[in-house]
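Chemist: Below: one structure in structure tokens.
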Amino acid sequence: MKIAVCGKGGCGKSTVAALLAREMAVRGFNVLVVDLDESNYGLHRQLGMEAPPDFVDYFGGKEAATKKIVEYYADRTKEPFEMKWSMGTLPPEYVVEKDGIKLMSVGKIHDFGEGCACTMGSLSELLFKNIALGERDVVIADTEAGVEHLGRGIERGFDHILIVVDPSYESLRLSRKIESMVGGNGSKVHIVLNKMDDDILASVLEWFEGRSVSAVIPVHKGLFKATLEGKELDMEIGEIRGLADSL
């Protein structure tokens, strides 16, 4: 199963990805979380892990990988890298693991003026295209904010797209855009409402016009405090269990 977690910046994508990964691991699945956000520096802490090295370094670093990818786009007869892997054969030096959850980070922007994240996007697309999953394997992709990853087609072949929506007009509008973009992809779309209280929830549900919502996560002070302090998200959230049931 391949699951992508999408939405605007700050809506709670990483929080949902981390909590869902924990729930899936408790249920006995082999879980791989892939950090696709070059600007996200906290997902590993939510999983209680050290940050893994950038996967782009496996290919000689960003500059070397970019050169090979540019050549590939000019002539697609041969992929630029040998990337036929399973969950158990991923390069171990680029994977950290705890409690049945593996974490990889495709790459981060580290320095002023180093350039865009296009190389990491291309590597993400190739990774998901070439990883073979077994019956009990689950991949959770924590995407970058917005829709560029969808424009690249990174989620092609994914089973589920989770759209995390916070109580803001921008988030509501973006959810509609994401739905329209993945409509022909064959993925099942799940709306996950986050940071909701009763008054806000009533207004948000009007926006979705009775369409099915897979999870409603209320404002949770313990969760907020843990994310603020960079602590592992080791609490039980009933709405995440329900979301896992639906998946």
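The values are calculated or read from the model by the stated rules, or taken from the named source; none is laboratory data. Since the model is a prediction, treat every value here as computed from it, not as a measurement. Here the Cβ is made from the backbone with ideal geometry for all residues, glycine too, and neighbour counts use every protein chain on show. Heavy atoms of the whole protein, side chains included, go into the accessibility calculation; ligands, DNA and RNA do not. Shrake-Rupley method; radii C 1.70, N 1.55, O 1.52, S 1.80 Å.
Chemist: What number, rounded to the nearest 500 deg cm²/dmol, is the helix-based mean residue ellipticity at 222 nm of the chain, given -39500 (n - 2.57) per DSSP H run of at least four residues and division by all its residues?
Modeler: My calculation for the chain gives -10500 deg cm²/dmol from helical runs alone.
Chemist: Considering only protein heavy atoms, what per residue accessible area in square angstrom results for the chain with a 1.4 angstrom probe? Could you put the intermediate results ahead of the total?
Modeler: On the way: 11740 Å² over 247 residues.
For the chain, the solvent-accessible area averages 48 Å² per residue.
Chemist: To the nearest 10 square angstrom, what accessible area does SER39 show with a 1.4 Å probe?
Modeler: Surface open to solvent at SER39 totals about 80 Å².
Chemist: Packing-wise, with mean Cβ within 10 Å as the measure, how do 154-162, 199-207 rank, highest first? Before the final figure, lay out each step's value.
Modeler: Details: 154-162: 20.3, 199-207: 13.3.
Top to bottom by mean Cβ count within 10 Å: 154-162, 199-207.
Chemist: Then there is this: Between segment 169-247 and segment 1-68, what is the separation of their alpha carbon centroids in Å?
Modeler: Between the Cα centre of segment 169-247 and that of segment 1-68, the gap is 18 Å.
Chemist: In the chain, what percent of the accessible surface is made up of carbon and sulfur (1.4 Å probe, ligands and nucleic acids excluded)?
Modeler: Numbers: 5960 of 11740 Å².
So the carbon and sulfur contribution to the accessible surface is 51 percent.
Chemist: Starting at the first residue of segment 154-164, write each ³J(HN,Hα) from the Karplus equation 6.51 cos²θ - 1.76 cosθ + 1.60 with θ = phi - 60°, in whole Hz, x for Gly and Pro.
Modeler: Those phi angles translate into 4, 8, 4, x, 6, 7, 9, 10, 9, 9, 8 Hz.
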